[in-house]
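Written below as structure tokens is the structure these notes are about.
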Amino acid sequence: MHEYPLDIRGLILRHLQPNQDYRWVAPFLWSGEIELRAYLDDPALLARYRVLLEVDCSGQGRIIPRAVGIAARQGRLTLAHNLMAAHIRGIRPEMELEARALSLLNDEKRKVRRLLNRNREWPKDVWNLHDTPAWIIPAFIRRFRQQVNSRPISIISGGHLLAAGNWMWDIATKSHLALQATPYEYPNTSLD
């Protein structure tokens, strides 16, 4: 049985290997890689899948491909699949589906903007987002790099649908990818 990350990569793998047995895992705990050329030889189709990977968490690009990644990271797989199917086929989705996609983008943008609050940084270069679900952290990192700085940082996030608890994300200088995410235990501050 294969493990698929609960994000755009896993959704693509599930779409490209429909008969494969799999189980979902938290994206930051998945160490695999996705090589689209192993599954596709049509250049146009390959380009459509690459767009999905490139725009995920970027804050830039067309509405539908970006919304696919957000829905997948939130675990809303039916919505993500429907949006991805429209993108892969090159068709405009129904108005209701397009409105849901736009709603996903606006929601993520508001959440990330709210998290870029200097009061959440303590001590220096440690961002305390422990009340924030882990699915939003990749988008936060990208926006942080665009608007704040390129120093190495750590982020303490809340849990994920598939990985409970708090997580410590370590991000290298100028990177928008976490080096690792490990379970985080708050220091014992009792006065016993």
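The values are calculated or read from the model by the stated rules, or taken from the named source; none is laboratory data. Not measured: the values here are computed from a predicted model. Here the Cβ positions follow ideal geometry from the backbone for every residue, glycine too, while neighbour counts run over all protein chains shown.
Could you please let me know if Y4 is surrounded by fewer than 16 Cβ atoms within 10 Å (Cβ to Cβ), farther than 18 Å from P133 by Cβ and aromatic (F, W, Y)? Taking the combined requirement at face value, the residue does not satisfy it. Annotation: A80 fulfils all but one of (1) modelled with pLDDT of 95 or more; (2) under 26 Å from L179 (Cβ atoms); the unmet one is (2). Among residues that are in a helix (DSSP H, G or I), of a type in the set (A, V, I, L, M) and closer than 28 Å to W167 by Cα, A71 is included.
Residue pairs whose Cβ atoms lie under 6 Å apart, separated by 6 or more positions or on different chains, with the first residue in region 106-120 and within 23 Å of V68 (Cβ to Cβ) and the second surrounded by 14 or more Cβ atoms within 10 Å (Cβ to Cβ), are E108/I70; E108/A139; K111/I136; V112/A139; V112/F140; V112/R143; L115/L129; L115/F140. The sole residue among R73, R120, R145 that is in contact with a His (Cβ under 6 Å, 6 or more places away or on another chain) and within 19 Å of A178 (Cα to Cα) is R145. Among the residues of region 12-49, those that are part of a helix (DSSP H, G or I) and touching a strand residue (DSSP E or B) at 6+ places or on another chain (Cβ under 8 Å) comprise L13, R14, P27, F28, L29.
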